[in-house]
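Each remark here refers to the structure printed beneath this line.
What follows is calculated from the coordinates using simple rules that are stated; it is not laboratory data. Since this is a predicted model, take the numbers as computed values, not measurements. When we count neighbours, we look across all protein chains shown, and the Cβ atoms used for this are built from the backbone with ideal geometry, even at glycine.
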Amino acid sequence: MSGLLESESVYDLAAMIGDQGMSVVTRNLTTVTGPQPYPNPPSLSADFAVSGTAALHATSITFAGSLVNGRLLAGDAFKLGTDPTLYTIGTLIQSSGNAFTGVSFSPGLVHAATNGESVAFTFSADTTVPALVTSFPSRLVNGTTIQASDKQVRFLASSLSYEPVVTDKIFMFGEVYSIVNPRPIQIQGVIWAWACHVRK
């Protein structure tokens, strides 16, 4: 009987996501072993921008800022300034000296890049998923383990290619939330959905 109830619960969740859900973006932060973790997505300061220049049709560029720490992966992408062209990074590159030097990408630049030009990234670590986002019942809010602004984000496991962990982020309502507790919803030992407790 419990298996039937669990199946109905997951079916109900799928229906509620379809009726009342919204799109959220999950970000899976990864690191490498060793003294320098080189996270992806990387940590970037607000002044992160093009460093130097890159000519029209160039397929290599340098970015720098006052704080640059991490990796860019093949498949990550970027846009420059107000240009809508999306450039896809071809090979992994690690930061050095608060810069990513000689980042290879395609297609070639449709306009020459100038020093200090703004850059906006799209990371392959980001996945858009349909989710049901709710507040916690007031009776559960205690100001410590559950705060008034905390949310519960529920989505089907099939929406993600990985299992969410506490280092991951969720982007919604124009803000960034950290996962406090990713709770799997299982049926007979198989994870069918996730209920993530998140916090700004």
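With 10 angstrom as the radius, rank Arg27, Arg183 by how many other C-beta atoms surround their C-beta, starting from the fewest.
Arg183, Arg27
Starting at the first residue of segment 85-102, write each ³J(HN,Hα) from the Karplus equation 6.51 cos²θ - 1.76 cosθ + 1.60 with θ = phi - 60°, in whole Hz, x for Gly and Pro.
4, 9, 9, 9, 6, x, 9, 4, 9, 9, 5, 8, x, 6, 8, 10, 9, x
Checking the a/c ratio against 1.5 first, then a/b against b/c, what shape does the Cα gyration tensor give for the chain?
On the way: a/c = 2.43, a/b = 2.19, b/c = 1.11.
Since a/c reaches 1.5 and a/b is larger than b/c, the shape of the chain is classed as prolate.
Please list, ordered by chain and number, the residues whose modelled amide H lies under 5 Å from the amide H of Gly81; skip anything fewer than 5 residues away on the same chain.
For Gly81, the qualifying residues are Ser118, Val119, Ala120.
Taking the chain as the reference, fit the longest principal axis to its C-alpha atoms, fit the long axis of helix 2-20 to the helix C-alpha atoms, and give the angle between the two in degrees, 0 to 90, nearest 10.
50
So which chymotrypsin sites (Phe, Trp or Tyr not before Pro) in segment 155-200 end up in coil per DSSP with only 14 or fewer other C-beta atoms within 10 Å?
Within segment 155-200, the qualifying chymotrypsin sites (Phe, Trp or Tyr not before Pro) (loop, at most 14 other Cβ atoms within 10 Å) are Tyr162, Phe173.
Sequence-distant or interchain residues sharing an amide H contact under 5 Å with Ile185, placed H: which?
Distant-sequence amide H within range of Ile185: Trp192, Ala193, Trp194, Ala195.
222 nm [θ] for the chain, helices only, -39500 (n - 2.57) per DSSP H run of 4+, per residue, to 500?
So the calculated ellipticity at 222 nm is -3000 deg cm²/dmol.
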